[in-house]
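Below is one structure, written out as structure tokens, with a few remarks after it.
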């Protein structure tokens, strides 16, 4: 009998998902599969405030919980699933008071778990690198969710007020080796204007957006970012959180990869062109990016 089989009717399940935007986005397919398997469950997600809006509006999420042990324990989950694996999330798992406490066996510390989840490859029955969406979903397959096709990430946004055809460009990333040169993004923007597609540069409040003064720069809350990206015609950006948001909304995307592995972090289940440059993104010419974007534009126009 699986853990899922043993959960009482209407039980609460908390899923601990700390840290990055991309990880949070790629958790949503697993949540959808869990809810599909047990419609009666209440699903709570423990998320840090900067990333909590990823789960806002999602009908499968009953509660978004802050990462505080007292609050988590008072919610009284029957099952706590730790998808993060760090020290803080380990203690949150213990603090939950859940009867079943699950986490991956490869986590550095596993003493909090009485349900230990094995390798994703073994759960999925594959002998290859697995995508992060597959890895996260495998935890719930191990707990009793029927193994099935893992859907696209699911985000929800308010209706966009942006008119016309526009493309979102995201020229920033968590480290310099993940960033295609700034000036080349500007050149890409000029080509978009020739195609009658307005380029909109996406920046966070801490980013230096001055090189893009000629264009519209969008620097708003994560909720507003979701809304902006949801109705974009195209997306072009570095391997980072907004690229996963674009994929979740099915926006055709060009994504630049330096040291990261697209097999693990590439756009999940959407039309995309991945540009890989392990030798350094400075070696990627504008012509290559334009050709990739043009291929996606042709597909988008064909489907229009």
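Could you please find all residues in segment 90-112 being assigned to a helix (DSSP H, G or I) and either surrounded by fewer than 22 Cβ atoms within 10 Å (Cβ to Cβ) or in contact with a helix residue (DSSP H, G or I) (Cβ under 7 Å, 6 or more places away or on another chain) (or both)? Hits for segment 90-112 are 91, 92, 94, 95. If you go through segment 33-58 and keep only what is in contact (Cβ under 8 Å) with a residue 40 or more places away in the chain, closer than 19 Å to residue 226 by Cα and surrounded by fewer than 24 Cβ atoms within 10 Å (Cβ to Cβ), you end up with 50, 51, 53, 56, 57, 58. Residues being surrounded by 22 or more Cβ atoms within 10 Å (Cβ to Cβ) and part of a loop (DSSP other than H, G, I, E, B) are entirely absent from segment 216-229.
Name the residue, out of 136, 188, 155, that is surrounded by 20 or more Cβ atoms within 10 Å (Cβ to Cβ), in contact (Cβ under 8 Å) with a residue 40 or more places away in the chain and over 20 Å from the mean Cα position of the chain (by Cα). Checking each option against the conditions leaves just 188. All of (1) free of Cβ contacts under 8 Å to residues at least 60 places away in the same chain; (2) crowded, with 19+ Cβ neighbours inside 10 Å; (3) closer than 14 Å to residue 79 by Cα hold for residue 11 with one exception: (1).
Take segment 204-213 and flag every residue that is touching a strand residue (DSSP E or B) at 6+ places or on another chain (Cβ under 6 Å) and closer than 21 Å to residue 284 by Cβ. The answer is 212, and nothing else.
In the list 81, 61, which residue meets the criterion of being surrounded by 20 or more Cβ atoms within 10 Å (Cβ to Cβ), without any contact (Cβ under 8 Å) to a residue 40 or more places away in the chain and under 23 Å from residue 135 (Cβ atoms)?
From the options 81, 61, the qualifying one is 61.
If only residues of segment 230-242 that are in a loop (DSSP other than H, G, I, E, B) and buried (at least 22 other Cβ atoms within 10 Å of the Cβ) are counted, the one that is nearest to the chain's Cα centre (by Cα) is 240.
Within segment 261-280, the set of residues being under 15 Å from residue 236 (Cβ atoms), modelled with pLDDT of 95 or more and part of a loop (DSSP other than H, G, I, E, B) comprises 266, 267, 270, 271.
Out of the residues in segment 196-207 that are under 24 Å from the mean Cα position of the chain (by Cα) and without any contact (Cβ under 8 Å) to a residue 40 or more places away in the chain, state the one that is surrounded by the most Cβ atoms within 10 Å (Cβ to Cβ).
Taking segment 196-207 and keeping what is under 24 Å from the mean Cα position of the chain (by Cα), we get 199-207.
Retained after the next criterion (residues that are without any contact (Cβ under 8 Å) to a residue 40 or more places away in the chain): 199-201, 203-207.
Details: 199: 23, 200: 21, 201: 25, 203: 18, 204: 15, 205: 8, 206: 7, 207: 16.
It comes out as 201.
Quickly run through segment 113-131 and pick out the residues that are in a loop (DSSP other than H, G, I, E, B) and within 22 Å of the chain's Cα centre (by Cα). So that I can check it myself, show each step before the final result.
Here is the first cut: in segment 113-131, the ones in a loop (DSSP other than H, G, I, E, B) are 113-114, 118-119, 125-131.
119, 128, 129, 130, 131 - these are the residues of segment 113-131 that are in a loop (DSSP other than H, G, I, E, B) and within 22 Å of the chain's Cα centre (by Cα).
Against the numbered list (1) at pLDDT 95 or above; (2) assigned to a loop (DSSP other than H, G, I, E, B); (3) surrounded by fewer than 15 Cβ atoms within 10 Å (Cβ to Cβ), residue 193 comes up short only at (2).
For segment 2-88, the helices (runs of 4 or more DSSP H) that sit wholly inside it and include 3 or more residues that are closer than 22 Å to residue 148 by Cβ are 3-6, 21-37.
The values are calculated or read from the model by the stated rules, or taken from the named source; none is laboratory data. Worth saying up front: this structure is predicted, and the values here are computed from it rather than measured. Backbone-built Cβ (ideal geometry, glycine too); neighbour counts: all protein chains shown.
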